[in-house]
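Novice: Sharing a structure here in structure tokens format.
The values are calculated or read from the model by the stated rules, or taken from the named source; none is laboratory data. If you're wondering where the values come from, they're calculated on a predicted model, not measured in any experiment. Cβ sites come from the backbone with ideal geometry, for glycine too, and all protein chains shown count toward neighbours. Quick note on the areas: whole protein, heavy atoms, side chains included, nothing else; ligands and nucleic acids left out. Shrake-Rupley method; radii C 1.70, N 1.55, O 1.52, S 1.80 Å.
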Amino acid sequence: MILRLISTTLFFMSFGLYAQSDSLELNVFGEDFLWGVACASYQVEGAWDADGKGPSVWDDFTHQKGKIKDGSNGDVAVDFYNNYKDDIALSKSMNLDVFRFSLSWSRIFPSGVDSVNQKGIEFYHNVIDECHAQGIEPWVTLYHWDLPLALEEQGGWTDRMILDAFIDYVTFCAKEYGSKVKNWMIMNEPAAFVGLGYMMGYHAPGKKGVTKFLKATHHACLAMAEGGRIIRAEVENANVGSTFSCSSIEPYKGKTKNNKAVAKFDAMLNRLYIEPALGLGYPYDAFPAFKRIEKYFEKGDEERLKFDFDFIGIQNYFRMVVKRSWFPPLIWAKEVPALKRYVPVNEMNFEIYPEGIYKMLKKFGAYGGVKRIIVTENGVCVTDSLENGQVHDEERIQFFKDYLGQVLKAKNEGIPVDGYFVWSLTDNFEWSEGYEPRFGLIYVDYPTQKRYMKDSGKWFKSQLEN
Ligand code: NOJ
């Protein structure tokens with residue numbers, strides 16, 4: 001608690017440190033820069049079993065005791081299923097260009113494969129049509145972590161059968177929606193759903209272990225590339241990408257003895273999922289133990305892993321400071337948490353570190369195969385309070401100024417970054433953390449489901465006015 005207080009105080013004090021961004025005006029990014037908001041099916045839709053939807057791993061996980069901090073689940077979430085028209089209108093009212101959302105696989109294929117659910121298919125037609133009717137571009141993520149439970153029961157991402165199931169699902173979506181949707185993201189943050197879901201057990205499906213992690217990694221990388229090929233083949237004029245979480249990783253106290261720890265974390269969190277697509281293979285150089293992944297290779301996999309995406313999405317939330325350690329095995333390194341370093345943090349104890357996004361844009365922009373970058377997510381959870389219908393979230397506005405100042409710096413140095421999507425449109429279900437962390441530009445009063453635009457939302461609205 002005391003550490004938390006110190007960090008929060010530091011967060012407020014840090015305003016002074018980044019004063020250069022105070023005068024930031026969004027028009028300096030230029031006419032063609034894309035501004036958007038992002039959300040994900042399980043985090044917002046609710047209607048978890050409505051109109052023929054099948055259960056996903058997240059329905060199952062949240063219904064188990066003790067998995068979610070506040071004991072909540074996404075059964076209702078922010079009821080986007082019934083509120084989508086208003087929520088799209090809110091996005092448009094902030095003068096944004098893009099509405100990024102994901103498709104729930106088990107709403108379309110209740111058991112993951114074979115028979116489809118007409119009502120689920122229709123729902124996404126309605127969402128897409130509404131975007132067009134309101135003049136905001138739909139950007140669709142095909143997989144934001146809510147795997148159909150029936151597929152998990154056959155091993156989920158650890159079993160190679162997942163590849164064929166994913167191929168069928170993507171092919172179906174491309175044919176169904178491809179005439180209306182041109183901008184696609186195959187996967188959202190594979191490092192997160194594989195690492196947290198199949199190694200740490202902290203996210204659905206709650207599995208643990210190195211073997212599961214390696215198998216799931218390989219299958220996710222193959223599926224990502226296959227998905228890219230399908231969209232390109234099926235959708236005329238497609239703009240196809242995938243999104244990657246990334247964090248600036250630095251040695252504790254700047255000491256060189258921690259450099260190996262940095263290289264390993266970097267390999268695991270930043271390089272593992274993008275480098276195979278770029279034709280660079282898995283990053284064995286920094287993390288030789290990854291070689292074990294080859295046990296799960298089949299003939300032709302090296303080629304199958306490659307795909308030249310039109311853009312990549314980067315999603316940056318925190319910096320990591322790491323040091324060498326006698327535990328855990330294989331990585332022999334551990335993180336020094338932000339709270340122990342007395343640095344500014346958000347409500348989830350993620351370090352607030354604006355230069356991190358600049359460093360990540362430079363890092364990803366330096367890969368030969370990366371043609372275009374969009375920041376497909378960035379945002380912050382702070383303690384919001386609703387008073388007389390107003391939310392004065394000055395810290396969040398400052399966060400955007402600071403981070404966007406760093407995005408601008410990278411752009412001005414020639415990094416091909418041409419879009420920024422805020423996480424998130426509304427407050428929503430923050431996975432294992434439940435509803436306490438609020439990331440939205442729009443405040444949701446959960447008992448009434450009423451929406452209130454926060455000052456940060458109003459800031460974007462006025463900044464993006466023509
Ligand atoms: C990244 C994930 O894509 C999103 O689902 C999550 O809510 C945000 N990070 C914030 O933690």
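Novice: Reported to two decimal places, what Rg/Rh ratio describes the chain when computed on Cα atoms with Rh from the Kirkwood expression?
Specialist: Ratio value, two decimals: 0.93.
Novice: Something else now. How do D22, D75, D86 stack up against each other in accessible area, from largest to smallest, with a 1.4 angstrom probe?
Specialist: I get D86, D22, D75, largest accessible area first.
Novice: Under a point-charge model restricted to the Cβ atoms of Lys and Arg (+1) and Asp and Glu (-1), what is the dipole moment magnitude of the chain relative to its Cα centre, in debye to the nearest 20?
Specialist: Dipole of the chain, to the nearest 20 debye: 2140 debye.
Novice: Can you compute the FRET efficiency between Q390 and S93 using 1/(1 + (r/R0)^6), with r the Cβ-Cβ distance and R0 = 22 Å? Round to the nearest 0.05.
Specialist: The formula returns an efficiency of 0.85 here.
Novice: What per residue convex hull volume, in Å³, comes out for region 232-353 when only alpha-carbon positions are used?
Specialist: 141 Å³
Novice: Quick one: with all protein chains in place, what share of the accessible area of region 2-463 is carbon or sulfur, to the nearest percent (1.4 Å probe)?
Specialist: Taking all protein chains in place, region 2-463 shows 52 percent carbon and sulfur surface.
Novice: Here is a further query. Placing +1 on the Cβ of each Lys and Arg and -1 on the Cβ of each Asp and Glu in the chain, which of N258, N378, Y342 has its Cα farthest towards the positive end of the resulting dipole?
Specialist: Most positive-ward Cα: N258.
Novice: Still on this model: Give the residue list of trypsin sites (Lys or Arg not before Pro) in region 226-314 that are DSSP loop and have at most 11 other beta-carbon atoms within 10 angstrom.
Specialist: Answer in residue order: K255, K299.
Novice: Are any of the pairs K257/K334; K67/K207; K359/K409; K401/K458; K411/K454 more than 18 Å apart by Cα-Cα distance, and if so, which?
Specialist: Listed pairs above 18 Å: K411/K454.
Novice: Looking at the chain, do any whole DSSP H helices span at least 20 angstrom along their long axis by alpha carbon and average -1.0 or above on Kyte-Doolittle, and which?
Specialist: In the chain, the long hydrophobic H runs are 2-17, 118-134, 161-177, 210-234, 394-412.
Novice: Given the DSSP H assignment, sum -39500 (n - 2.57) over each helix run of at least 4 residues in the chain and divide by its residue total; what's the result at 222 nm in deg cm²/dmol, nearest 500?
Specialist: Here the helix-only value at 222 nm equals -11000 deg cm²/dmol.
Novice: Here's something else I'd like to know. Hey, what's region 119-246 come to in accessible area per residue, 1.4 Å probe, Å²?
Specialist: 30 Å²
Novice: With a/c under 1.5 counting as rounded, go ahead and sort region 359-412 into rounded, prolate or oblate using the C-alpha gyration tensor (a ≥ b ≥ c being the square roots of the eigenvalues; past the cut-off, prolate if a/b is larger than b/c, else oblate).
Specialist: The shape class here is prolate.
Novice: Considering the alpha-carbon set of region 67-168 alone, what are its Rg and its Dmax in angstrom?
Specialist: Every Cα atom of region 67-168 included, Rg and Dmax give 15.6, 44 Å.
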